[in-house]
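Enquirer: Dropping the structure in here first, questions after.
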Amino acid sequence: VQLQASGGGLVQAGDSLRLSCSASGRPFSTLAMGWFRQVPGREREFVASIAWNGERTYYADSVKGRFTISRDDARNTANLQMDRLSPEDTAVYYCAADLGGWGQATLEEYDWWGQGTLVTVSS
């Protein structure tokens, strides 16, 4: 599976941003999708995930109520809508895919990773 993340950029605190992850190589409807983020010097952390059938979504406490993950199987795309961004959300965001998964919060569950897209939130 090849994953391509896009949509990162520089925004101000309080703004919104929408990340997209396009997938190819396997039927998208078989993939659980996750978003993780990483700041230099820190471990990669879970942000949000959605099950292969879209029936379950999970969020890190730090983004709950502000971020929304969704999937568009017709477009082979997973999206992360990020609202009310704060400087603490600044990181490189990675999308990941897990074959047949329910959307786990652990990195080890994911089989494929995208290249990352940088999100910078200024105060």
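Enquirer: Kindly sort ARG37, ARG18 by accessible area of their heavy atoms, largest first, with the probe set to 1.4 Å. Can you show the working numbers first?
Expert: Working: ARG37 15, ARG18 120 Å².
Listed by decreasing accessible area, they come as ARG18, ARG37.
Enquirer: When the dipole is taken about the Cα centre of the stretch 48-123, and only Lys, Arg (+1) and Asp, Glu (-1) are charged at their Cβ, what size is it in debye, to the nearest 20?
Expert: 260 debye
Enquirer: On to the next question. With the full set of protein chains in place, find how many percent of the accessible area of the stretch 10-99 is carbon and sulfur; take the probe as 1.4 Å.
Expert: On the stretch 10-99, the fraction of accessible area on carbon and sulfur atoms equals 45 percent.
Enquirer: Still on this structure: Taking only protein heavy atoms and a 1.4 Å probe, what accessible area per residue, in Å², does the chain have with all protein chains in place?
Expert: Per-residue value: 50 Å².
Enquirer: Among the DSSP beta bridges whose two residues both lie in the chain, what percent are antiparallel, rounded to the nearest 5?
Expert: DSSP beta bridges in the chain are roughly 90 percent antiparallel.
Enquirer: Can you give me the C-alpha center-to-center distance between the stretch 17-35 and the stretch 81-108, rounded to a whole angstrom?
Expert: One Cα centre to the other: 11 Å.
Enquirer: For ASP73, tell me the accessible area in Å² from a 1.4 Å probe, rounded to the nearest 10.
Expert: Number for this one is 70 Å².
Enquirer: For ARG26 and LYS64 in the same chain, what is the full-extension length gain: residue separation times 0.36 nm, less their Cα-Cα distance, in nm?
Expert: Answer, rounded to one decimal: 10.7 nm.
Enquirer: Here is a follow-up. With the crude spin-label approximation of a point 7 Å out along Cα→Cβ, what separation in nm comes out for ARG84 versus SER6?
Expert: Taking the two extended label points, one gets 3.0 nm.
Enquirer: At each listed q (0.09, 0.11 Å⁻¹), what is the log10 of I(q)/I(0) that the Debye formula gives for the stretch 2-116 modelled as equal alpha-carbon point scatterers?
Expert: -0.20, -0.30
Enquirer: Hey, another quick one. Given a 1.4 Å probe and heavy atoms of the protein chains only, how would you sort ARG66, ARG84, largest accessible area at the top? Walk me through the intermediate numbers first.
Expert: Values: ARG66 35, ARG84 140 Å².
Largest to smallest exposure gives the sequence ARG84, ARG66.
Enquirer: May I pose another question? Report the convex hull volume per residue for the stretch 78-123, counting only C-alpha atoms, in Å³.
Expert: Details: hull volume 4.2 nm³, N = 46.
In the stretch 78-123, the Cα hull volume divided by residue count equals 92 Å³.
The values are calculated or read from the model by the stated rules, or taken from the named source; none is laboratory data. The structure displayed is predicted, hence computed values, not measured ones. Positions of Cβ are backbone-derived with ideal geometry, glycine not excepted, and every protein chain shown enters the neighbour counts. In case anyone asks, the SASA skips ligands and DNA or RNA and just uses the protein heavy atoms, side chains included. Shrake-Rupley method; radii C 1.70, N 1.55, O 1.52, S 1.80 Å.
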